[in-house]
Amino acid sequence: MNEQRAGIGRVTAAIVAVAAMLPYLTLKVLWLTGSSIGVTDPGLMRDSSMVGLNAMTFGMDVVGLVLALAFTMRWGLRLPAWLVLLPLWVGTGLLSVVVVTAPIMVLLHGLSVFQGGSIEPWIYMMVYGGFIGQGVGLMTAFSLYSRDRWPHAFTTRVDHPFASPSRSFQTVVAWGALLVTLPIGAVRLSGGVFLEGFKGLLGIAGAVALILAVRRRGGGPFWRPLVVAWLGSGSLFGWGLYAMIVTSVGGPLAGGASAANLVELFGMLTGLVMGMCGAFLLTERSRMSDVQPVQDALEGEDRERDRQTADHGHR
């Protein structure tokens, strides 16, 4: 029996993601083993809080690397849905902001954006360049993987009818999320920092998209509001969680108590609620039985063997 393999698009995207991760992982290993490469203050990486944060971010990138490999393997289609969706939701929420803002900031301010602090400029350039590569690679590979495993998300319209016992609850949550993201976005936009402003806009856009998806407004494909809601909620939760961890462990990267911490806390909680609402929505939509899959030009033709074990809803 012929075994279906991932198409050239998914494989290429995964290779790009893995290649972009390797310099970052190497740097983290060096720092965790006592090296001070790229650091002007040799004692910085020996601080216990920095050791913990380096270990955490190293682990996050390892998870991303494993998932990139899973997107190219048959066993990746049999992983539990939550084991794929949860880390990718957080990861793409974090990386999408970097993918958009880092190139624009370099275009506007040049390489001076990497100056200052205890880290050499070339480290920042390598790290953020790697983030852009792995962000684009992971999101592309994940999109192709998801199109194969959960075709209903790509082949139905926003207004497609389906049974939704929790729809009224989802509606309340979606509108509530918008009410919270609006002041959060306003605060971030008022600061005049491009990165923060983009995070604020993305959070608001995610909340609006979630309302459209829950209320089934519009006649376009479902995947459009899904992508915006996914990235908006993931960025709120991911960046908020990272800020809370940095603040909690203390050390050189932690700032004092400020209004910014409160904004990050509310952003994290709002992103979490939006993500849970989206999970309810996807679970109910995945039970539709009248969806015909769309063939992707970059993927193989005979994929029924993979779909038999994987296309069973978000369980």
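Quick note: the coordinates plus some simple rules give every number you see, no bench work behind them. Since this is a predicted model, take the numbers as computed values, not measurements. Cβ placement follows ideal geometry from the backbone for every residue including glycine, while neighbour counts extend to all protein chains displayed.
Things to note:
- Where the Cα pairs of region 110-152 fall when distances are cut into 5 Å bins, in %: 5, 20, 16, 14, 11, 10, 8, 7, 6, 2
- Sequence-distant residues sharing a close amide H with ILE119 (under 5 Å, placed H): THR40
- Part-to-part distance (alpha-carbon centres) for region 176-210 and region 34-62, which is given in Å: 31
- Using θ = phi - 60° and Karplus 6.51 cos²θ - 1.76 cosθ + 1.60, couplings along region 219-236 (whole Hz; Gly, Pro as x): x, x, x, 5, 5, 5, x, 4, 4, 5, 5, 4, 5, x, 5, x, 5, 4
- Note on the chain: dipole from Cβ charges, positive end direction compared against PHE194, ALA209, GLY64; the farthest Cα belongs to ALA209.
- Here the sum of -39500 (n - 2.57) over DSSP H runs of 4 or more residues, divided by the residues of the chain, equals -24000 deg cm²/dmol at 222 nm, to the nearest 500.
- Fluctuation leader among GLY203, GLY218, GLY93 - the chain, Gaussian network, Cα springs under 10 angstrom: GLY218
- Long-range tail of P(r) for region 70-161 (Cα pairs > 19 Å, %): 55
- Note on PHE169 and LEU69: the extension gain reaches 32.3 nm, defined as 0.36 nm multiplied by sequence separation minus the Cα-Cα distance.
- Nearest-0.05 FRET efficiency for MET125 and LEU22, computed from C-beta distance (R0 22 Å): 0.90
- Amide H contacts of PHE222 (H built 1.01 Å from N, under 5 Å, at least 5 apart or other chain): THR156, ARG157, VAL158
- Between 0 and 90°, nearest 10: helix 194-215 axis offset from the chain longest Cα axis: 20
- Over region 207-259, volume per residue of the alpha carbon convex hull, in Å³: 80
- Residue-span extension gain [ILE37 to ALA254] - 0.36 nm each, minus C-alpha spacing: 75.9 nm
- TRP82 versus VAL113: modelled label distance in nm, points set 7 Å from Cα along the beta carbon direction: 3.7
- Among (1) 15.8; (2) 17.1; (3) 19.8, the entry derived from the coordinates for mean projected area of the Cα convex hull in nm²: (2)
- Here the Kirkwood formula, the inverse mean of 1/r across different C-alpha pairs, assigns region 8-151 a hydrodynamic radius of 16.2 Å.
- From most to least packed by mean Cβ count within 10 Å, the peptides 23-34, 231-242, 121-132 give 231-242, 121-132, 23-34.
- Per residue, the convex hull volume that the Cα atoms of region 167-285 enclose (Å³): 100
- Exposure proxy for ASP148, ASP47, ASP61: other Cβ atoms within 10 Å of each Cβ, ordered fewest to most, give ASP47, ASP61, ASP148.
- This ranking places THR181, THR270, THR156 by how few other beta-carbon atoms lie within 10 Å of each, fewest first, which gives THR156, THR270, THR181.
- Where GluC sites (Glu not before Pro) in DSSP loops with at most 16 other Cβ within 10 Å are excluded, longest remaining stretch of the chain: 4-300
- Neighbour counts of C-beta atoms inside 10 Å place MET50, MET56 in the sequence MET56, MET50, starting with the fewest.
- If only the Cβ of Lys and Arg carry +1 and only the Cβ of Asp and Glu carry -1, the dipole of region 46-174 around its Cα centre is close to 480 debye.
- With Cα atoms, 0 to 90° folded angle of helix 81-109 axis to the chain main axis: 50
- Relative contact order of the chain, taken over Cα pairs closer than 8 Å and 6 or more residues apart, is 26 percent.
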